[in-house]
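To keep things clear, I will list the structure first and then write my remarks on it.
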Amino acid sequence: MLAPILVLFLVAALLEYRSLKIQKRYREIISSVILLAAGLTLGILRLLHVEIPSPMSGIKTLFQPISHLLTRLLYI
Amino acid sequence: MITQQMTTRQAAMWFILFQLGSAFLLLPRVLAGTAKQDAWLSVLIAIGAFFLLVPLYTAIAKQLEETSFSDYILELFGRIGGKLLLCGFIVGYPYLLYIIVLRDLSDFLTTSFITETPAEPILVLMMSAVIYIVRSGAAVIGRTVEILFFLVMLLFAFGYVSLIPSAEVTNLMPVLEHGWNPVLLAAFTMLIFPYSEMMLFLFLVPNIRQARRWKKAVVKSALVSGSMFLLMTLLTISVLSDGVVSNIMYPSYFAVRTISIGDFYERFEVLVAVLWYITIFYRLSLFLHVSVQGLAVVLGLQDPRPLLIPLSLIALVMANIIWPNTAGYTAALQVWPFYSMFFGIFLPILIWMVGIFKRAKNSISKEN
């Protein structure tokens with residue numbers, strides 16, 4: 001299901017770039033293209049079943065100790 | 001780009017729907033998991049504690065004067081430091097929340113509502129609406145919210161007033177069985193999620209024009225959404241009892257499913273799902289609005305709109321991997337308040353103090 005959605009986003013972005021090019025907004029086009037490329041790469045990696053690390057797991061390892069500490073403090 | 005204007009009334013309505021958002025379904029379970037039958041007390045404490053945060057936020061809103069929040073950060077921390085801070089803040093808070101709320105939406109719909117549909121089409125349909133409304137700007141969001149707000153209130157009244165006959169007060173007894181500690185812990189969770197997310201409203205101060213009107217909108221919305229949360233928690237727990245509430249993923253949805261008056265007046269859970277869909281829409285649009293506005297300042301763009309499509313694409317892919325399953329979600333929800341606290345409470349305190357310091361320094365240099 002992801003593949004057609006990636007194409008959909010690509011087409012929508014290309015349509016937008018066409019009008020931006022007429023207005024000569026090159027800075028906007030470049031930053032948007034870089035982000036779009038990152039998104040497409042992520043999508044393709046996911047289609048190829050490559051494991052992508054979740055940002056949530058980093059947050060969990062960082063903040064789990066505080067959470068445990070506070071829970072233990074309040075329950076005793 | 002010209003900042004589009006909203007009235008105080010529109011802003012207050014947007015904020016109410018924003019707070020109802022994901023918390024509407026998840027909060028009763030999170031609260032009842034820690035505070036058991038006293039969850040309604042935690043709601044009261046959390047709202048009380050939030051009104052201690054309001055003066056802090058209003059002080060920042062007053063410092064802003066005419067500048068937008070992102071420009072103000074650049075002004076306080078210098079061009080490079082400010083951009084780094086703003087970028088970290090946007091990616092770590094509103095944008096991450098955008099991804100999480102998208103996942104909330106697909107989790108709820110695929111587990112309890114339209115179980116045959118895969119997650120991606122649901123998200124793409126929602127996202128296209130969100131991208132469209134954020135492209136149109138804050139004034140358009142304000143006008144649509146004036147229409148849909150009353151629909152949400154009507155659905156809420158239908159669903160929850162019908163619960164009153166089956167409520168049993170004995171489920172709320174005994175009060176404070178386990179002492180104050182669990183109640184305070186649950187109140188802390190609720191203060192952070194959803195209330196400290198109100199700090200994102202600081203990005204909307206230029207759209208509402210004055211700090212005084214902004215404060216009015218925030219206070220009004222906190223009062224209305226707080227009383228809705230209180231009513232909802234009281235009813236859900238008194239209908240289902242705390243043991244059931246803390247074990248179901250979406251208790252406020254499940255409670256409405258139990259309504260059956262004379263085998264005719266029943267199946268109101270669809271209304272709750274529609275209500276939730278609308279509130280999630282406004283939640284997502286605020287997160288996306290703030291993310292693009294902030295990132296446009298970081299990248300030095302005049303027009304933030306070209307960022308909408310790429311950012312949504314990344315969010316769509318990330319939403320599927322942010323946690324593997326519901327168990328991962330429950331674990332994440334326990335840690336989330338501690339992470340969110342840094343952005344919702346500590347960052348505003350830092351900005352406020354640096355703001356005071358800068359102003360004092362400026363007035364001294366002017367006198368010399």
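The values are calculated or read from the model by the stated rules, or taken from the named source; none is laboratory data. This structure is a prediction, so every number in the text was calculated from the model and none was measured. A quick note on method: Cβ atoms are made from the backbone with ideal geometry, for glycine too, and the neighbour counts reach across all protein chains shown. Protein only, heavy atoms only, side chains kept; ligands, DNA and RNA dropped before computing areas. Shrake-Rupley method; radii C 1.70, N 1.55, O 1.52, S 1.80 Å.
A compact table of results
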item	result
Residues satisfying the stated conditions in the stretch B:135-167, i.e. open to solvent by 10 Å² or more (accessible area, probe 1.4 Å) and β-branched (Val, Ile, Thr)	B:140, B:144, B:147, B:161, B:164
Some residue of the stretch B:258-270 being crowded, with 19+ Cβ neighbours inside 10 Å, at pLDDT 90 or above and in contact with an Asp or Glu (Cβ under 8 Å, 6 or more places away or on another chain)	no
Condition met for residue B:356 (surrounded by fewer than 17 Cβ atoms within 10 Å (Cβ to Cβ), at pLDDT 85 or above, under 27 Å from the mean Cα position of the chain (by Cα) and more than 13 Å from chain A (Cβ to nearest Cβ))	no
